[in-house]
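Enquirer: The structure follows.
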Amino acid sequence: MATYAIGDVQGCFRSLTQLTKTIQFNPKHDRLWFVGDLVNRGPDSLHVLRYIRGLGSAAVTVLGNHDVFLLAVAAGLASLRPSDTLTQVLESPDRDDLMGWLRQQPLVYREGDFLLVHAGLLPGWTVEQAEALAGEAQTAMRGDEFTETLRALHPSGPLQWRPDLAGPVRQATIIKVLTRLRACSREGLMESSFSGPPDRTPDGFQPWFDVPGRRNATATIVFGHWAAMGLKLTANMLALDSGCVYGRQLTALRLEDRKVFQVRCEETRGGG
């Protein structure tokens, strides 16, 4: 039995299929952990969702910002942009079932020494706080506060975390942290627009995982979201977004021994 953590798939179903062949994935014995952003920008988000949903307990996924965006569009709370490739999902006959399944997925998942999250944690949050806050937002996403929470999240730029936040704005801000964070100040002020490489982080900010005294360094955090950084592995950080949807690689990392497996993006190779 092995557990493989997989970077941002973003609708690249052919690449995902090739990667599962490369690692000889057997759903009877192995598990796949997905860092989120299952959908969008790539050509086949629909089959990615159907495949991962069909794996049942053999797959764990957390929500990424593109997954949350899909839920917002499906609920009529956001509009598709020119770069989005979600129409196939939105027009599929099993759309409602897929959206219902996606709403049930967690924002963080913790097992042993590993914490799975899409983007990151504010440096002032402990792992336990992150789990508790994620639980609040997950309850909102799964229940009657779903619509108001997603409405508060779009647009997300002005949202900044404070412990005294309440209601949909609080839940939306938690979701923003967990699905969109890249850089922040030492005090936890989020930079909301930067997506470049870590060495070009704007003045006054730094990658969330480099903030001195980070309180969540007690766990090994497995995440994606930062394609411009690419694969980055340290003692307590496994960053797995290797930019498949941008024509680079899709990465799987076997958690038991940290062996890395990669495939070239099948969607761009050979014009596919």
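No lab work stands behind these numbers, since they all come straight from the coordinates. Everything quoted here is computed from the prediction, not taken from an experiment. Counting neighbours? That spans all protein chains shown, and the Cβs are built from the backbone with ideal geometry, glycine included.
Enquirer: Local charge sum around Pro155 (other residues, Cβ-Cβ under 13 Å, Lys/Arg +1, Asp/Glu -1)?
Expert: Working: positive: Arg81, Arg151, Lys176, Arg180; negative: none.
For residues surrounding Pro155, the net value is +4.
Enquirer: Viscosity 1.567 mPa s, temperature 4 °C: Stokes-Einstein D of the stretch 219-265 from its Kirkwood Cα radius, in µm² per second?
Expert: After rounding, the answer is 121 µm²/s.
Enquirer: Which whole-number percentage describes the relative contact order of the chain, with Cα contacts under 8 Å and a sequence gap of 6 or more?
Expert: Numbers: 572 pairs, mean separation 64.3, N = 272.
The normalised contact order for the chain reaches 24 percent.
Enquirer: Antiparallel versus total DSSP beta bridges in the chain: what percent is that, nearest 5? Working shown, then result.
Expert: Numbers: 20 of 33 bridges.
In the chain, DSSP labels about 60 percent of beta bridges as antiparallel.
Enquirer: A further question follows. Put +1 on the Cβ of every Lys and Arg and -1 on every Asp and Glu Cβ in the chain; which of Gln10, Leu233, Leu121 then has its Cα farthest towards the positive end of the dipole?
Expert: Leu233
Enquirer: Set Lys and Arg Cβ to +1 and Asp and Glu Cβ to -1, take the dipole of the chain about its Cα centre, and tell me which of Ser192, Phe69, Gly224 lies farthest positive.
Expert: Gly224
Enquirer: Before rounding to the nearest 500, sum -39500 (n - 2.57) across all DSSP H runs of length at least 4 in the chain and divide by the residue total; then give [θ] at 222 nm in deg cm²/dmol. Please report the intermediate quantities before stating the final value.
Expert: Values: 8 runs with 81 residues, N = 272.
Result for the chain: -9000 deg cm²/dmol, rounded to the nearest 500.
Enquirer: Taking amide H atoms as placed 1.01 Å from N in the peptide plane, list the residues 5 or more away in sequence, or in a different chain, whose amide H sits under 5 Å from that of Glu111.
Expert: Amide H neighbours of Glu111, under 5 Å, 5+ apart: Leu116.
Enquirer: Sort 125-135, 27-37 for me by packing, meaning the mean count of neighbouring Cβ atoms within 10 Å per residue, highest on top. Let's see the in-between values first.
Expert: On the way: 125-135: 18.4, 27-37: 20.2.
Put in order of decreasing packing, that is 27-37, 125-135.
Enquirer: Count charges around Asn216 for me, please; just the other residues with Cβ under 15 Å from its Cβ, Lys/Arg as +1, Asp/Glu as -1. The partial results should precede the final answer.
Expert: Details: positive: Arg110, Arg186, Arg214, Arg215; negative: Asp113, Glu128, Glu131, Asp210.
So the surrounding residues net to 0.
Enquirer: Total Lys pairs in the chain closer than 24 Å by alpha-carbon, pairs eight or more apart in sequence or interchain only? List each step's numbers first, then the result.
Expert: Working: Lys21/Lys232; Lys21/Lys259; Lys28/Lys259; Lys176/Lys232; Lys232/Lys259.
Taking the chain as the scope, the lysine pair count is 5.
Enquirer: Suppose every Lys and Arg Cβ carries +1 and every Asp and Glu Cβ carries -1, with no other charges. What dipole size does the chain come out with about its Cα centre, to the nearest 20 debye?
Expert: Working: 29 positive and 29 negative charges, 112 e Å.
Using Cβ point charges on Lys, Arg, Asp and Glu, the chain gives about 540 debye.
Enquirer: Using Cα centres only, tell me the gap between the stretch 177-198 and the stretch 209-237 in whole Å.
Expert: 13 Å
Enquirer: Where does each of Asp84, Asp96, Asp241, Asp210 land when they are ranked from fewest to most other beta-carbon atoms within 10 angstrom?
Expert: Working: Asp84 18, Asp96 10, Asp241 29, Asp210 13.
With the sparsest Cβ surroundings first, the list reads Asp96, Asp210, Asp84, Asp241.
Enquirer: Using Stokes-Einstein with the Kirkwood hydrodynamic radius over Cα pairs, what translational diffusion coefficient do you get for the chain at 20 °C and a viscosity of 1.002 mPa s, in µm²/s rounded to a whole number?
Expert: Numbers: Rh = 18.5 Å.
This corresponds to a translational diffusion coefficient of 116 µm²/s.
Enquirer: For Ala58, what is the net charge nearby, where nearby means another residue's Cβ is under 12 Å from its Cβ and Lys, Arg count +1, Asp, Glu -1? All intermediate terms of the calculation are to be shown ahead of the outcome.
Expert: Values: positive: Lys28, Arg31, Arg53; negative: Asp30.
Once positives and negatives cancel, what remains is +2.
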